[in-house]
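*Asks:* Could you have a look at this structure, given as structure tokens, before my questions?
Bear in mind these aren't lab numbers, they're just calculated from the coordinates by the rules spelled out. Just so it is clear, the structure is predicted and the values come from calculations on it, not from any experiment. Using ideal geometry, Cβ is built from the backbone for each residue, glycine included, and neighbour counts are taken over all protein chains shown.
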Amino acid sequence: MDRIAVISDVHGNMPALEAVLADIRARGIDLIFNLGDLVGKGARSDLTIDCCREVCQVILRGNWDDAFVHEADADAALLWYREQIGSERRAYLDTLPNVHNFWLSGMRVRLYHASQEGVYKRVHPWRPPEVLQAMFDNTEFTGFDHPSPDIVGCGDIHAAYMLPMRDINKTAFNAGSVGNPLDMPLATYAILSGHYGSQTPGSHTIDFVRLSYDIDAELAEGARIGLPELNYYAIELRTAEYRGAIKRREREGQSSS
Ligand SMILES: [Mn+2]
């Protein structure tokens, strides 16, 4: 059996990435596929890009990677992150592909960052069946050169899941987030096993790994280099609550007082 580590949404958090890579190495896994969002939020987008380029065989484009390259209306935080990575890494981010298709024990697997519609089109697992089933569609974004997959793997929402869809006999999974998990404050990734590249039916597995890592070290690095919105970032890492929800609560608290 071959094993593939599927990592996503590292978001510049090097202590989390190092914990995940150490775990992957300890298991003897040497295929690592990355579903994008290498950058933004965390302290070291620059080092994260360099490290992932070295260790990942596949790196897909995420919405933050795309915004780092193409967002014309950049706010102060985005400009700070862009400055950190410099022009060569920014040009590299613009080379990242949308999808990766492969066979695993007779199953067609497709990986992408967020959904079949693009990096900015989010799908949560509580959406209606027709929305979830559309995750397997071929679109302009996925291309039309491979048939509809049996298994789709994505990231983007920073929350791991596995979702069998009995009506269509397909499975979607979300690899969770390495560096900015919003389901529980542990660095998360997925492991696929099966015969990589084989069209012969056989067994496969989809597993999830949750790891504690040095959150204090990441926040200390953020403080040292003046990371934007460090206070919100600290709450996200320690409690897994999204900063958008925290800000909304703060606004509501102000308006009611
Ligand atoms: Mn993300």
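*Asks:* If you take all C-alpha pairs in segment 105-222, what percent of them are over 23 Å apart? Before the final figure, lay out the partial values.
*Replies:* Values: 2443 of 6903 pairs.
Taking all Cα-Cα pairs of segment 105-222, the fraction more than 23 Å apart is 35 percent.
*Asks:* Mind checking which of Ala91, Ser148, Leu47 is farthest towards the positive end of the chain's charge dipole, using Cβ charges of +1 (Lys, Arg) and -1 (Asp, Glu) about the Cα centre?
*Replies:* The residue sitting most towards the positive pole is Ser148.
*Asks:* Expressed as a fraction of 2.2 N^0.38 Å, the rule-of-thumb size for a compact globular protein of N residues, what is the C-alpha radius of gyration of segment 1-108?
*Replies:* 1.12
*Asks:* Suppose we keep just the alpha-carbon trace of segment 65-105; what are its Rg and Dmax in angstrom?
*Replies:* Values for segment 65-105 (Cα only, Rg and Dmax): 13.8, 47 Å.
*Asks:* Right, something else. Excluding residues on the same chain fewer than 8 positions from Lys247, give the lysines whose Cα lies under 19 Å from its Cα.
*Replies:* Lys41
*Asks:* May I pose another question? Considering only DSSP beta bridges whose two residues both sit in segment 14-136, what percent are antiparallel, to the nearest 5?
*Replies:* Details: 6 of 8 bridges.
Once the DSSP bridges in segment 14-136 are tallied, antiparallel ones form about 75 percent.
*Asks:* At q = 0.12, 0.16 Å⁻¹, what log₁₀ I(q)/I(0) does a Debye calculation on the Cα points of the chain give, no solvent, two decimals?
*Replies:* Log10 I(q)/I(0), no solvent term: -0.69, -1.21.
*Asks:* Run through every distinct alpha carbon pair of segment 43-156 and return the Kirkwood hydrodynamic radius in angstroms, one decimal place.
*Replies:* On the way: mean 1/r = 0.0645 Å⁻¹.
Result for segment 43-156 stands at 15.5 Å.
*Asks:* Relative contact order for the chain: what percent, with Cα pairs under 8 Å and sequence separation of 6 or more? Display every interim value, and only then the final one.
*Replies:* Working: 554 pairs, mean separation 58.6, N = 257.
Averaging sequence separation for qualifying contacts and normalising by length gives 23 percent for the chain.
*Asks:* Mean-square fluctuation check for the chain, GNM, Cα pairs under 10 Å: which of Arg127, Arg61, Arg89 is largest?
*Replies:* Checking each option, the largest mean-square fluctuation is seen for Arg127.
*Asks:* Another question, then. Using unit Cβ charges (K, R positive; D, E negative) and no other charged atoms, how large, in debye to the nearest 20, is the dipole of the chain about its Cα centre?
*Replies:* Details: 25 positive and 36 negative charges, 97 e Å.
Computed charge dipole of the chain: roughly 460 debye.
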